[in-house]
Amino acid sequence: MCYIKVVTVKNRNYKKWLTILAVAVLATGTSSCVTVRATGDLGIVIERATGSVQIIETTNRTVLGRVDKLGDLSHASVVYSRDQKYAYVFGRDGGLTKIDLTSRSIDKRVLQAGNSIGGAISTNGRLIAVSNYKPGGVRVFSAETLELVADIPATYDKQGRRSKVVGLVDAPGQKFVFSLFDAGEIWVADFSKSNQPDITKFRQIGNQPYDALISPEGRYYIAGLFGEDGLALLDLWHQDAGVKRILNGYGRGKKKLPVYKMPHLEGWAIAGGYTFVPAVGLHEVLVINRSNWREKKRIAVYGQPVFVMASPDQRKVWVNFAFPNNDTVQVIDTETLKVVKQIKPGKAVMHMEFTPRGEEVWVSVRDENLVKVYDTSTYNVTALLKMKKPSGIFMSARAHRIGL
């Protein structure tokens with residue numbers, strides 16, 4: 001909307017004065033023509049090859065603009081401020097960038113490490129935590145200024161060696177939870193009392209935790225193990241019980257298969273009392289009964305699953321796959337536990353993201369330089385958006401979900 005400021009002047013000639021004021025404002029260009037836009041239907045698409053992101057809006061399925069100079073985004077993730085105005089982008093090169101969605105510009109940027117793998121935002125939205133491969137550990141920043149608040153080195157032995165940190169998520173109560181790949185540990189950093197956290201360490205959880213997830217209510221933290229068959233589960237409501245091993249022996253079976261791409265456990269699905277988890281190195285999705293954390297079923301799928309994501313209504317689970325089967329997406333019905341649809345978006349499907357109510361899903365097709373939008377009821381394509389090597393898609397609705 002375009003507007004000018006109107007000043008009431010108590011003068012018998014006020015009409016003349018106001019007319020002159022309006023003309024002067026318009027003539028000098030000091031009036032403001034502002035398009036007021038809310039941010040609840042916005043999102044970000046990572047353009048991994050160019051170090052840029054596209055800001056999109058889902059109401060009309062359009063691109064609003066590009067933000068450049070974000071560094072190495074070959075493995076990037078995004079979290080949002082609670083007011084959904086700012087996006088925090090975590091780059092592989094250790095870059096942490098705060099983007100203003102309303103102005104489509106960089107608000108602040110720091111290069112906080114040498115090799116970063118992701119991050120999280122605290123319950124109250126005031127802290128941003130980043131997990132690092134190099135140097136191994138977690139660094140925590142002010143969400144407002146990006147000034148360093150705390151440094152948590154992932155030191156795990158007497159020699160002072162540091163572990164790569166993976167699976168960093170936020171948890172209720174101003175906590176961050178993460179896993180140490182090299183040490184086989186889970187740490188809980190509690191910032192509820194001060195910016196110098198109380199840290200609880202759970203050791204010997206299993207060999208090489210490669211990623212982790214937290215259940216939507218923030219109770220269960222589960223780390224996937226790459227070095228052995230099984231998963232490690234921590235009940236954050238009852239931490240005294242320690243870490244429990246679940247699904248022992250599911251793994252890659254008697255014959256170890258090559259793993260073309262590690263599955264992303266933060267893309268897991270909870271629906272209908274079940275948890276759907278990508279199996280490492282297998283062409284299967286594991287179905288786990290949440291009441292006892294035992295395997296319910298294995299669903300044979302097209303390839304090695306990477307993301308296994310439930311629609312917001314929990315009726316369907318969408319799955320994409322690693323190379324060489326990465327041109328395909330399959331849809332699983334959560335009642336029958338069967339594959340009910342297969343679509344071919346194109347070469348190198350990297351990521352999927354549902355709109356907040358789930359009527360559509362956005363799919364990035366890297367090697368086609370496209371993002372395809374699908375109607376989730378008809379599976380018809382509703383929009384095609386050209387982008388440069390798109391990968392991760394992150395809707396601003398994530399601002400109000402635990403662990404995302």
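The values are calculated or read from the model by the stated rules, or taken from the named source; none is laboratory data. The shown structure was predicted, so the numbers you read here are calculated from the model rather than taken from an experiment. Positions of Cβ are backbone-derived with ideal geometry, glycine not excepted, and every protein chain shown enters the neighbour counts.
See the values below:
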| quantity | calculated |
| --- | --- |
| Conditions (1) assigned to a loop (DSSP other than H, G, I, E, B); (2) more than 24 Å from L42 (Cα to Cα); number of the one not met by K341 | (1) |
| Count - residues of the range 117-136 that are more than 19 Å from L42 (Cβ to Cβ), in contact (Cβ under 8 Å) with a residue 40 or more places away in the chain and part of a loop (DSSP other than H, G, I, E, B) | 4 |
| Any hit, the range 73-85, residues being more than 17 Å from S131 (Cα to Cα), buried (at least 17 other Cβ atoms within 10 Å of the Cβ) and in contact with a strand residue (DSSP E or B) (Cβ under 6 Å, 6 or more places away or on another chain) | no |
| Of all residues making up the range 98-116, the number that are assigned to a strand (DSSP E or B), aliphatic (A, V, I, L, M) and crowded, with 22+ Cβ neighbours inside 10 Å | 1 |
| Per-region count, the range 349-401, residues touching a residue at least 24 places away in the same chain (Cβ under 8 Å), over 20 Å from G51 (Cβ atoms) and outside any strand (DSSP E or B) | 12 |
| Residue match in the range 84-97 (condition: under 18 Å from P197 (Cβ atoms), polar (S, T, N, Q) and assigned to a strand (DSSP E or B)) | no |
| Any pair with Cβ under 7 angstrom, 6 or more apart, that starts in the range 177-205 at a residue that is in contact (Cβ under 8 Å) with a residue 40 or more places away in the chain and of a type in the set (G, A, S) and ends at one that is exposed (fewer than 14 other Cβ atoms within 10 Å of the Cβ) and part of a strand (DSSP E or B) | A189/I199 |
| Counted residues, the range 294-314 - those being part of a loop (DSSP other than H, G, I, E, B), buried (at least 17 other Cβ atoms within 10 Å of the Cβ) and either among the acidic types (D, E) or in contact (Cβ under 8 Å) with a residue 40 or more places away in the chain (or both) | 3 |
| The listed residue being in contact with a Phe, Trp or Tyr (Cβ under 7 Å, 6 or more places away or on another chain), within 30 Å of P278 (Cα to Cα) and at pLDDT 95 or above, out of A212, A154, A189 | A189 |
